[in-house]
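Input: a single structure, listed below in structure tokens.
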Amino acid sequence: MDQLNVDCGSRIADSSITNSESPKGAVGEARERQSAIRNLQSAIGYLLASAGLIWALHGVQPAKLLGQLTRINWWWMALALVCDVASYVCQGARWRLLLKPVGEVTTLQSTQAIYAGLFTNEILPMRLGELVRAYLMSRRTAARFAAVIPSMVVERLFDSVWLAAGIGLVAIFVPLPKNLLAAGDALGVIAGAAAGLFLWFAFRRPVPGKERRLPDWRLIRAVNGLFVKMSGSLREIVRARSFYLSFAYSLALLILQTLAFWLAMRGYGVGLSFWAGAAVYLIVHLGTAIPNAPANVGSYQFFTVIGLTMFEVDKTLATGFSLIVFALLTLPLLLIGFVAFSRSGMTLASIRRNIGSVRG
């Protein structure tokens, strides 16, 4: 009997060891690592946001700042707000055109998904709103999650091309710092290379029966599998007539966003020309492109003050404007985004649970 108990005990121990080394245990460890990485990324984002906000507020004269608030021209601010909302409607119209190969949606539906994603970006770090809007649109069109992603990739490509062109155009009218010109050149090279790769990928004809042998690496196979899933959607997007019209919408989108920023400058009393305002907006746009704290708080103020002081604007005036324009363009986005998100019938928790299941 004692020997039987020993054998049973050893089997239970072996079973526990086997269970601890099971795939479920490995999945748990992978999730813990991913959670730790996300927490580290969030911590870095909040740290950079705090540093940017502290720098922007350092040396500001409170009395002078309060005096500036009483001289705001709210008519200019209202026009800025109209242009900002119009830019997101324009983005919704562009996305509707790019989604045509996936499914028919209205501009209102695509704009609603965009606002829901923007609302998520305002309250959560690391731009998780991009996944949210893709998921919402996959439900709207009854398409796979991976089939929606190519339209968003094309959006980013269009934005990069026009942003690089915008930097070159602004440089004709106002002197730009060497760092911004270098960033524009680098962005132009990257956008050109990405466009070439995109067109090759979209128009290439796969050879029937010929499969490339890939290395037995999980990451490479996962990336290749994602490209295979997206390749059909990419080809359909490029070959659609709406592709070129959506490219024109991207230019209108950038113009509206720049105009909204410059009109807010006029309303706050920052007397720079349109081209100087465009230069400052491009600096802010590039500086906040990297995912960081929710709503880009801290980094938005930092790059706005950097851009304005580059044109010899007083730092107190620059800091005051950075706070006002941030509130002006963020609060309506939060309100509209909240309504759009609530009308989707989903919660952040349910979307987070379901995104993994719809990627395939």
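The values are calculated or read from the model by the stated rules, or taken from the named source; none is laboratory data. Please read these numbers as outputs of a predicted model, since none were measured by experiment. Every residue, glycine among them, receives a Cβ derived from its backbone with ideal geometry; neighbour counts consider all protein chains shown.
Kindly check whether there is at least one residue in the range 286-293 that is small (Gly, Ala, Ser), under 18 Å from the mean Cα position of the chain (by Cα) and surrounded by fewer than 19 Cβ atoms within 10 Å (Cβ to Cβ).
There is at least one residue in the range 286-293 that is small (Gly, Ala, Ser), under 18 Å from the mean Cα position of the chain (by Cα) and surrounded by fewer than 19 Cβ atoms within 10 Å (Cβ to Cβ).
Consider Leu69 carefully, then state whether it is surrounded by 19 or more Cβ atoms within 10 Å (Cβ to Cβ), more than 26 Å from Arg235 (Cα to Cα) and either of a type in the set (A, V, I, L, M, F, W, C) or under 20 Å from the mean Cα position of the chain (by Cα) (or both).
No.
Does the range 67-74 contain at least one residue that is polar (S, T, N, Q), part of a helix (DSSP H, G or I), at pLDDT 80 or above and under 30 Å from Leu251 (Cα atoms)?
No.
Which of the residues spanning the range 239-279 are in contact (Cβ under 8 Å) with a residue 24 or more places away in the chain, among the hydroxyl-bearing types (Ser, Thr, Tyr) and over 30 Å from Glu312 (Cβ atoms)?
Ser242, Ser246, Tyr249, Ser250
Considering only the range 170-198, how many residues are assigned to a helix (DSSP H, G or I), more than 22 Å from the chain's Cα centre (by Cα) and surrounded by 13 or more Cβ atoms within 10 Å (Cβ to Cβ)?
Qualifying residue count for the region: 4.
Being at pLDDT below 65 and under 26 Å from Ala93 (Cα atoms) is the filter here; which residues of the range 227-244 pass it?
Phe227, Lys229
Would you pick out the residues in the range 94-108 that are part of a helix (DSSP H, G or I) and crowded, with 19+ Cβ neighbours inside 10 Å?
Scanning the range 94-108 gives Arg94, Trp95, Arg96, Leu97, Leu98.
So Val174 clears everything in (1) modelled with pLDDT of 90 or more; (2) within 30 Å of Trp75 (Cβ to Cβ) except one condition, right? Which one?
Failing condition for Val174: (1).
Pull up the range 337-360, narrow it to residues that are closer than 13 Å to Val132 by Cα and part of a loop (DSSP other than H, G, I, E, B), then point me to the one that is modelled with the highest pLDDT.
Ser344
Checking the structure you have, find out if any residue of the range 205-213 is at pLDDT below 85, under 26 Å from Phe247 (Cβ atoms), charged (D, E, K, R) and not in a helix (DSSP H, G or I).
For the range 205-213, residues at pLDDT below 85, under 26 Å from Phe247 (Cβ atoms), charged (D, E, K, R) and not in a helix (DSSP H, G or I): present.
On the basis of being buried (at least 23 other Cβ atoms within 10 Å of the Cβ), under 20 Å from the mean Cα position of the chain (by Cα) and within 18 Å of Ile172 (Cα to Cα), does Val280 make the cut?
yes
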